[in-house]
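Working notes, beginning with the structure itself.
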Ligand code: SF4
């Protein structure tokens with residue numbers, strides 16, 4: 001009974017946060033053609049620890065040099081590494097991509113993730129995280145951006161902002177993810193996720209958050225709000241996974 005009450009209270013808070021974010025940022029655009037799960041998985045591996053622009057260049061380099069992921073399977077890790085260097089951690093990411101391609105080829109004979117579509121959200125995440133270099137955030141991006149599941153991935157921005165607001169009190173992004181998604185309101189995962197990333201990048205920054213201009217100011221319980229007037233900062237609306 002208490003759990004039911006807490007889950008419903010969290011659901012109402014998510015809806016409230018979502019409405020306030022839409023009031024400030026609007027509805028984010030979304031690519032009409034969904035990328036395939038394997039494309040999203042590789043793009044998200046490339047996005048780890050770098051910005052969306054650099055990971056987009058790395059992704060485009062791979063696509064320009066290999067006609068298919070099958071062709072990439074015969075490339076060496078060093079060759080892949082050279083092509084994705086712009087995105088950082090190139091050796092580690094090249095190894096993860098190569099392992100992923102090889103595992104799929106050996107297991108399924110084809111390099112795709114069609115079998116994931118039959119699984120429920122939890123099982124799909126368990127399956128995807130069994131690949132080297134794929135964590136819960138990367139797996140949940142595949143579910144949201146390629147499979148249209150109502151799942152909200154939690155990256156560093158989403159984790160930080162939700163803890164500051166007081167929706168959750170967790171020590172890791174993965175814990176935030178499981179808590180947030182146990183009773184997530186229908187149909188709003190993409191807009192909520194995208195607008196929270198925008199909030200985290202442009203306003204609720206890791207140091208010196210611009211609380212004075214934050215749309216969530218009144219409902220946020222962060223005790224160290226920064227009330228200094230905001231300076232103009234560079235903003236970017238480019239989101240990798242809506243552009244591959
Ligand atoms: S009020 Fe400040 S701490 Fe709270 S969400 Fe907004 S920017 Fe972040």
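Data table
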read-out	value
Selection from region 190-215 of residues that are free of Cβ contacts under 8 Å to residues at least 12 places away in the same chain and either away from the ligand (no atom under 11 Å from the Cβ) or not assigned by TED's automatic domain parsing to the domain that holds residue 161 (or both)	207
Residue among 84, 80 that alone is farther than 17 Å from residue 240 by Cβ, modelled with pLDDT of 95 or more, buried (at least 21 other Cβ atoms within 10 Å of the Cβ) and in the same structural domain as residue 135 (by TED's automatic domain parsing)	80
Which numbered condition residue 185 misses (of (1) more than 16 Å from the ligand (Cβ to nearest atom); (2) outside the structural domain of residue 97 (by TED's automatic domain parsing); (3) within 14 Å of the chain's Cα centre (by Cα))	(3)
Which listed residue, of 227, 180, is in contact with a helix residue (DSSP H, G or I) (Cβ under 8 Å, 6 or more places away or on another chain) and either outside any loop (DSSP other than H, G, I, E, B) or more than 16 Å from the ligand (Cβ to nearest atom) (or both)	180
Count - residues of region 43-70 that are within 14 Å of residue 242 (Cα to Cα) and crowded, with 17+ Cβ neighbours inside 10 Å	7
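The values are calculated or read from the model by the stated rules, or taken from the named source; none is laboratory data. All of these numbers come straight from a predicted model, not from anything done at the bench. So basically every Cβ, Gly included, is an ideal-geometry build from the backbone, and we count neighbours across all protein chains shown.
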